[in-house]
Amino acid sequence: MAGIVLATLSLAVPTAAWAHDGTSEALIFSIDEGRVVGTGLVEFSALGLEDTSGDGLIDATEVSEQEATVATTLVDTIRDNVTIAVNGEELSIIGAGLSFQSTSATTDTTAETETDANAAVDASEYVGVAFATSAFEGETNEIAISWSFSSPSNAILLSDSDSAVLGHLNDDGEVLFSLGTWATATSFLVQGFEHIQLGPDHILFLVALGLGVLGVKTGRAAIWPAVKLVTAFTVGHAISFSLAYFNLVSVPAAIVEPLIALSIVAAAGLALRRKGGDFRWWIAGLVGLVHGLGFASSLSSLGLVTSEHAVALIAFNLGIDLAQTAVVLLVLAVAALLTRLLPKGFEIIRIIICVAIGAMGLFWTVTRVFGL
């Protein structure tokens, strides 16, 4: 049994510390050969590790020096902070390990020479932990997780051989999962709807899209053209990040991010010139291809490596489409209200907003091109 646990942790530990973006910091739980294996980022002090350098952070060297000492109490520490129950039966945590992963490296030639060819190691307030539970029998219909560690994210991705479900800890640090196709679909539908909040540049593009339609259409006449543009944008969006997820397309962020910012400038410019009607559906689809690549890395890092990834992708796409349509319809609704309240002043407001969006897009373009 010990051999199985050690083998499981040897696979889990290297992935316990991720690059620090909103999705990749999620807690990861998987059901493998009748056990639950978990990985997550935890504040180093909660594990008994100490900052020996005095900078308030911990690095790989400090973790390595203290790992043997902490190992004697690590399992008990995790048991005190993590509870896992399958089908109502609480499992015991029987093995655990630590990891630390550098999130960046020095690329400057002079700096590399000065550090004697040693790779630069980032310090962090978090350390990766991985752990495995005792075995259980039967099908997994329900799994309850309680997590009291302080971690950078309250998102939890749970997967087994058939499905993947994304959830969030509640205020009490608890979450309950039901596995299966339906649970995967509903979970990623909600995640897709919420995911748009992580991309303010995408939201501004949608606002500019709505204002562009309002430049040539008003009232109910603007609804269908707006929905058509958003749907075309979402189709392009879905195609590109799905291809990127399956590693069929790979475009560096240094190219994608400036293009996204430029698309905002273009959309705001068309809206300003009352040329929103020139923004045809196929153009919106092409721009969606670019924007989709911007979300591709986040979708990939959700860990959709099960037989249900097709269901998750479809649900995720649908969630994003609903969210984007809601944003544009909200723009149209606010515009209709302002038109009634300020019939002569709405056009001035529309122009001011378009200028502000264009300026922000231009700012993002410059900062992303020059890495500022």
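Starting from the Cα gyration tensor of region 135-241, take the square roots of the eigenvalues, sort them a ≥ b ≥ c, and report rounded, prolate or oblate (rounded when a/c is under 1.5, otherwise prolate if a/b is larger than b/c, else oblate).
Taking the square roots of the gyration eigenvalues as a ≥ b ≥ c, region 135-241 is prolate.
Mind listing P(r) for region 23-102? All alpha-carbon pairs, 10 Å bins, whole percents.
P(r) over region 23-102, rounded to whole percents: 15, 45, 31, 9, 1.
Using a 1.4 angstrom probe on the protein heavy atoms only, could you order 291, 309, 168 from most to least accessible area?
Descending order: 168, 309, 291.
Given labels modelled 7 Å from the Cα in the Cβ direction, how far is it in nm from residue 43 to residue 367?
Between residue 43 and residue 367, the label points sit 2.9 nm apart.
Expressed in nm to one decimal, what extension gain is obtained for the pair residue 64 and residue 76 from 0.36 nm per residue of sequence separation less their Cα-Cα distance?
2.4 nm
How big is the dipole moment of region 135-188 about its Cα centre under a simple scheme where the beta carbon of each Lys and Arg is +1, that of each Asp and Glu is -1, and everything else is neutral? Debye, nearest 20, please.
Here the size comes out at about 200 debye.
Compute the separation of the alpha-carbon centres of region 123-147 and region 163-216 and state it in Å as a whole number.
Spelled out, the Cα-based centre of one part sits 24 Å from the other.
What FRET efficiency, computed as 1/(1 + (r/R0)^6) with R0 = 25 Å and r the Cβ-Cβ distance, is obtained for residue 254 and residue 197, rounded to the nearest 0.05?
Numbers: r = 24 Å, r/R0 = 0.97.
With a Förster radius of 25 Å, E is 0.55.
Would you kindly derive the ³J(HN,Hα) couplings of region 204-211 from the backbone phi angles with the Karplus curve 6.51 cos²θ - 1.76 cosθ + 1.60 (θ = phi - 60°), listing them in order in whole Hz, with x for Gly and Pro?
Computed from phi, the couplings for region 204-211 are 5, 4, 5, 4, 4, 4, x, 5 Hz.
Starting from the residue with the highest accessible area, list 282, 224 in decreasing order, probe 1.4 Å.
My answer, sorted largest first, is 224, 282.
The values are calculated or read from the model by the stated rules, or taken from the named source; none is laboratory data. All values reported here derive from a predicted model rather than from experimental measurement. Cβ atoms come from the backbone with ideal geometry, glycine included; neighbour counts cover every protein chain shown. When the accessible area is computed, the model is the full protein with side chains, heavy atoms only, and any ligands, DNA or RNA have been set aside. Shrake-Rupley method; radii C 1.70, N 1.55, O 1.52, S 1.80 Å.
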